[in-house]
1. Wholly within the stretch 13-111, which strands (runs of 3 or more DSSP E) include no fewer than the required count, namely at least 2 residues that are at pLDDT 85 or above and surrounded by 11 or more Cβ atoms within 10 Å (Cβ to Cβ)?
2. Hey, any hits in the stretch 144-154 for a residue that's farther than 30 Å from residue 68 by Cα and at pLDDT below 75?
Amino acid sequence: MRIQADSGGDVAVVNDGGEGLIIKDNGKVGIGTNTPAYTLHVVGDIYCTGKLTSVGGNDPPYVLFNSETRKSITARVSQEVPLDKQNGAVLFWNMETNQFEVYIPSTEEFLDLFGNSLTGKQQGNEQLLTERIMDLEERVATLEAMITELSMQK
């Protein structure tokens, strides 16, 4: 690797292939490209361990969260996303329901991937299972009552 500067004011850190990092005289920075078209222009994958925040312009097209719950994603958005940016949608994997869900911060609504509202519906497999068990218990009680009534008629 070597650092080089040209007469036009560009500074580059390059490898033997000639590409690396370049700082153009107009302030644009290129990584993996010698001709950056944006303030920061990266050709290749970016690895980020923190959050990516956009102060102006367009936010990234999506941010995917995994192993979340409705409660945790609501808290994460309220803590990490500025109010003026909460007019979009958040796609996340709900580890309680084992499905992708979409959270709409502006309406505090949860949707499935088909746009159907999940808000107010079962929040997690445990609650759904409990409701199904209660329904079965009611059916069993009804059947037992019918059997008792039929046995009394004989």
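The values are calculated or read from the model by the stated rules, or taken from the named source; none is laboratory data. Values in this document were obtained by computation on a predicted structure and should not be read as measured data. Ideal geometry is used to build each Cβ from the backbone, glycine not excepted, and the neighbour counts take in all protein chains shown.
1. 20-23, 29-31, 40-42, 90-94, 99-104, 109-111
2. Going through the stretch 144-154, the residues farther than 30 Å from residue 68 by Cα turn out to be 144-154.
Subset that is at pLDDT below 75: 154.
Taking every residue of the stretch 144-154 in turn, at least one turns out to be farther than 30 Å from residue 68 by Cα and at pLDDT below 75.
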